[in-house]
């Protein structure tokens with residue numbers, strides 16, 4: 001690395017205190033021009049607090065922010081943007097129902113006599129996006145494009161408005177691998193143009209792919225800043241966790257396919273336009289992994305099983321008895337549990353307490369008039385919070401204040417509380433920090449050993465391979481393969497996914 | 001078991017606001033807190049506040065549950081008119097008072113059910129779905145009364161509006177019983193939690209196995225029942241059914257009472273007793289302005305001023321600032 005280069009933005013000894021809690025404690029951080037600097041840490045390490053200070057959303061309680069060597073104080077993100085620091089978040093916060101061009105120039109449209117010059121905007125938008133290697137119809141609504149394109153538009157807008165430092169806050173979390181590659185091309189171009197780029201992500205492999213340096217925070221303290229070729233992924237994980245945490249995979253193909261009568265069986269379940277009829281049975285103590293690309297029908301399959309969408313035909317039986325599942329309430333009555341992919345939208349009740357979030361499914365199952373009293377609720381919430389190591393200061397605090405990993409554990413606890421026959425986990429480890437990730441994987445293994453029947457949908461092949469007894473592969477809304485034994489290996493799964501992809505590009509979503 | 005924090009509860013801004021309004025009333029009108037017993041019934045300005053506030057308090061009880069589910073019911077004023085009209089027309093037509101009251105309540109339930117069906121099964125936004133009955137309901141009430149004010153002299157109906165039990169005016173008794181029963185039902189069963197869950201995140205509620213459809217039907221139906229009850233009180237009070245004016249704009253007072261009581265229009269956490277307190281604040285202001293000799297034109301202006309003050313006190317920014325100040329003071 002070039003040592004003498006002056007950092008474009010620099011934080012010195014930053015302290016930020018929330019109430020009693022020191023969210024940041026004397027943190028130093030800097031970004032040089034033409035550098036991609038990854039900021040890593042478990043949830044709660046202080047990454048977002050640091051970013052919010054650098055972008056003016058928070059004011060530091062101690063320390064200073066320097067821009068090109070001069071101390072600055074940003075009053076708000078707009079002020080920071082004016083000084084050259086722009087931010088792009090995981091969720092694109094642009095206007096999906098306006099055109100791409102309008103989104104790019106909203107708030108600073110070129111006008112003549114007060115009238116917006118649409119043609120000029122569109123021409124400039126086309127030129128601008130061309131520099132990002134993106135040739136799209138700028139007149140079309142932003143919302144009609146994929147998240148990846150929207151992200152790039154958001155980046156283009158941020159760079160246009162600021163131009164010195166770009167903060168990318170988990171920009172790749174909802175992208176598939178092709179899209180991530182596209183995004184990285186854009187980042188490389190910006191880097192070549194001399195922008196300082198701060199990159200926040202949960203994906204270590206992406207860090208090693210693109211970052212020049214990495215800074216690791218833990219519990220609000222700076223653990224270290226390293227140039228990347230000098231450290232390995234293991235080093236980084238160790239720095240993040242402060243311990244040697246082996247992501248205990250327990251070896252490939254741990255579990256044999258389980259024989260005997262099925263606990264739950266789905267026969268010819270299907271829905272027109274969503275997923276072709278499929279059959280699957282699950283045994284006690286068995287985990288069936290589901291692999292497939294985004295849009296392959298993985299989630300649709302789970303939704304049919306749980307009655308979120310009602311199937312056109314087919315049969316569901318539990319313990320040999322046919323049951324009718326037309327809605328989730330019936331699925332819960334049959335002893336099913338479902339941790340949905342989108343935690344925020346379909347999982348947590350943000351305003352409600354941790355306790356209430358844990359007992360809610362059990363209470364829904366018991367009905368209106370068999371209310372769990374407060375003691376029972378505390379007991380249940382306490383037990384599962386302890387069993388799953390849910391880290392909350394207080395079970396009465398709103399669940400929205402917990403980290404993503406802890407929220408995921410709360411939803412898992414909610415289903416364990418109904419003592420389910422069958423548990424569906426859709427991307428249970430997506431978007432959560434490394435520590436919680438390992439714990440969820442351990443929990444899946446433990447539940448299997450205790451005899452739970454589970455179906456786990458995951459893009460992380462290493463992970464699916466580690467805990468599954470069988471793996472079904474979805475492709476083009478159809479179940480195309482069922483793998484067991486020695487076939488449970490990433491290479492076999494990839495082959496199954498890739499086989500005859502109908503002339504489409506194979507988008508490998510997994511981060512394997 | 002967690003104990004209820006009474007001191008904390010009484011320090012809420014709503015109680016401070018109620019106390020302040022009552023205090024101002026007392027300053028403007030020294031006889032405000034005087035209560036006398038005449039002919040076995042209590043009289044006095046405070047009793048009057050409770051009595052006049054009862055219809056809105058009753059509406060607010062039902063409205064609280066609706067708002068907690070992230071909905072709103074604009075039709076309750078019109079349903080009051082319908083219920084009053086039905087009862088009045090039936091008793092003047094020779095039906096028994098019990099039958100008339102039962103019929104009015106049943107009509108209220110049906111109106112609520114109608115709203116619930118529009119919201120739940122046709123998935124119409126609550127504000128639009130209930131706007132239908134808000135507009136049409138008054139027309140229905142006029143059809144029932146054939147456009148005239150139907151007066152009656154049935155003692156039972158009049159008793160509901162003006163009678164008293166153990167010295168307490170009936171509207172107060174009815175409102176208190178309804179508030180108590182509704183609070184017990186939502187808190188002793190799982191309904192309260194499930195309503196809050198549906199209000200906070202309807203999609204997550206569905207995934208958690210909550211039958212939110214049935215829950216919404218029940219909640220809107222209950223709001224209709226509350227509206228019919230309030231309608232009977234208002235009709236009994238004036239000894240007649242006025243389809244044009246009975247309950248006019250009271251849906252807005254009820255919504256306001258709920259909001260002052262601290263239930264968010266975004267759904268979720270709710271408190272029926274606090275909504276009743278909200279209704280009392282509104283009525284205490286109305287009464288205060290009336291008895292203090294200000295011209296009634298001031299009423300709306302003063303009312304909006306007080307409301308703005310209460311809402312500002314509840315705003316997250318202000319409460320954070322207040323909390324920060326208390327923390328600082330403790331630290332010193």
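The values are calculated or read from the model by the stated rules, or taken from the named source; none is laboratory data. Keep in mind that this is a model prediction, so the values were computed, not measured. For neighbour counting, all protein chains shown are included, and Cβ atoms are generated from backbone atoms with ideal geometry for every residue, glycine included.
Couple of notes before you dig in:
- Given (1) part of a helix (DSSP H, G or I); (2) in contact with a helix residue (DSSP H, G or I) (Cβ under 8 Å, 6 or more places away or on another chain); (3) surrounded by fewer than 22 Cβ atoms within 10 Å (Cβ to Cβ), number of the condition residue A:381 does not satisfy: (3)
- Of the residues making up the range A:386-403, those that are crowded, with 19+ Cβ neighbours inside 10 Å and within 30 Å of residue A:471 (Cα to Cα) number 2.
- Any hit, the range A:385-392, residues being touching a helix residue (DSSP H, G or I) at 6+ places or on another chain (Cβ under 7 Å) and touching a residue at least 40 places away in the same chain (Cβ under 8 Å): yes
- Residue that is farthest from residue B:203 (Cα to Cα), among those in the range A:278-308 that are surrounded by 18 or more Cβ atoms within 10 Å (Cβ to Cβ) and without any contact (Cβ under 8 Å) to a residue 40 or more places away in the chain: A:304
- If you go through the range A:146-169 and keep only what is assigned to a loop (DSSP other than H, G, I, E, B), surrounded by fewer than 18 Cβ atoms within 10 Å (Cβ to Cβ) and at negative phi, you end up with just A:146.
- Taking the conditions (1) in a loop (DSSP other than H, G, I, E, B); (2) under 29 Å from the mean Cα position of the chain (by Cα) in turn, residue A:143 satisfies each one other than (1).
- Meets criteria (farther than 18 Å from residue A:436 by Cα, more than 8 Å from every other protein chain (Cβ to nearest Cβ) and surrounded by 14 or more Cβ atoms within 10 Å (Cβ to Cβ)) for residue A:417: yes
- Residue A:342 meets the conditions (1) facing chain B (nearest Cβ under 9 Å); (2) in contact with a helix residue (DSSP H, G or I) (Cβ under 8 Å, 6 or more places away or on another chain); (3) within 20 Å of residue A:303 (Cα to Cα) in every case but one. The failed one is (2).
- For the range B:152-200, filtered to residues that are in a helix (DSSP H, G or I) and in contact with a strand residue (DSSP E or B) (Cβ under 7 Å, 6 or more places away or on another chain), the residue that is surrounded by the fewest Cβ atoms within 10 Å (Cβ to Cβ) is B:173.
- The residues on offer are A:83, A:108, and the sole one that is surrounded by fewer than 15 Cβ atoms within 10 Å (Cβ to Cβ) and under 30 Å from residue A:68 (Cβ atoms) is A:108.
- Test result for residue A:254, at pLDDT below 90, away from every other protein chain (no Cβ under 14 Å), touching a helix residue (DSSP H, G or I) at 6+ places or on another chain (Cβ under 8 Å) and within 30 Å of residue A:47 (Cβ to Cβ): no
- Qualifying residue in the range B:127-140 (condition: more than 14 Å from chain A (Cβ to nearest Cβ), under 24 Å from residue B:217 (Cα atoms) and touching a strand residue (DSSP E or B) at 6+ places or on another chain (Cβ under 7 Å)): no
- Residue within the range A:71-88 that is assigned to a helix (DSSP H, G or I), free of Cβ contacts under 8 Å to residues at least 60 places away in the same chain and closer than 16 Å to residue A:18 by Cβ present: no
- Residue within the range A:275-282 that is more than 20 Å from the chain's Cα centre (by Cα), under 16 Å from residue A:456 (Cβ atoms) and assigned to a loop (DSSP other than H, G, I, E, B) present: no
- Out of B:322, B:252, one residue alone is over 30 Å from residue B:90 (Cα atoms) and in a helix (DSSP H, G or I). It is B:322.
- Test: residue in the range A:310-324 that is crowded, with 18+ Cβ neighbours inside 10 Å and closer than 16 Å to residue A:277 by Cα: yes
- Qualifying residue in the range B:222-245 (condition: within 14 Å of chain A (Cβ to nearest Cβ), part of a helix (DSSP H, G or I), at pLDDT 95 or above and in contact with a helix residue (DSSP H, G or I) (Cβ under 7 Å, 6 or more places away or on another chain)): yes
- Residues in the range A:315-339 that are more than 8 Å from chain B (Cβ to nearest Cβ) and either in contact with a helix residue (DSSP H, G or I) (Cβ under 8 Å, 6 or more places away or on another chain) or in a helix (DSSP H, G or I) (or both): 8 in all.
- Subset of the range B:36-87 (residues that are assigned to a helix (DSSP H, G or I), in contact with a strand residue (DSSP E or B) (Cβ under 7 Å, 6 or more places away or on another chain) and within 23 Å of residue B:281 (Cα to Cα)): B:46, B:47, B:51
- If only residues of the range A:295-314 that are assigned to a loop (DSSP other than H, G, I, E, B) and more than 14 Å from chain B (Cβ to nearest Cβ) are counted, the one that is farthest from residue A:281 (Cα to Cα) is A:295.
- For first residues located in the range B:171-191 and within 14 Å of chain A (Cβ to nearest Cβ), partners that are assigned to a loop (DSSP other than H, G, I, E, B) and lie 6+ apart or on another chain with Cβ distances below 7 Å form the pairs B:188/A:371; B:189/A:368; B:189/A:369; B:189/A:371; B:190/A:368; B:190/A:371; B:191/A:368.
- So residue B:46, is it touching a residue at least 12 places away in the same chain (Cβ under 8 Å), buried (at least 24 other Cβ atoms within 10 Å of the Cβ) and closer than 24 Å to residue B:275 by Cβ: no
- The number of residues in the range A:345-389 being over 28 Å from the mean Cα position of the chain (by Cα), at pLDDT below 90 and more than 9 Å from chain B (Cβ to nearest Cβ) comes to 0.
- Verdict on residue B:208 being crowded, with 24+ Cβ neighbours inside 10 Å and within 14 Å of chain A (Cβ to nearest Cβ): yes
- Among (1) under 24 Å from residue B:161 (Cβ atoms); (2) modelled with pLDDT under 85, the one test that residue B:302 misses: (1)
- Some residue of the range B:270-290 being on the phi < 0 side of the Ramachandran plot, more than 17 Å from the chain's Cα centre (by Cα), in a loop (DSSP other than H, G, I, E, B) and more than 14 Å from chain A (Cβ to nearest Cβ): no
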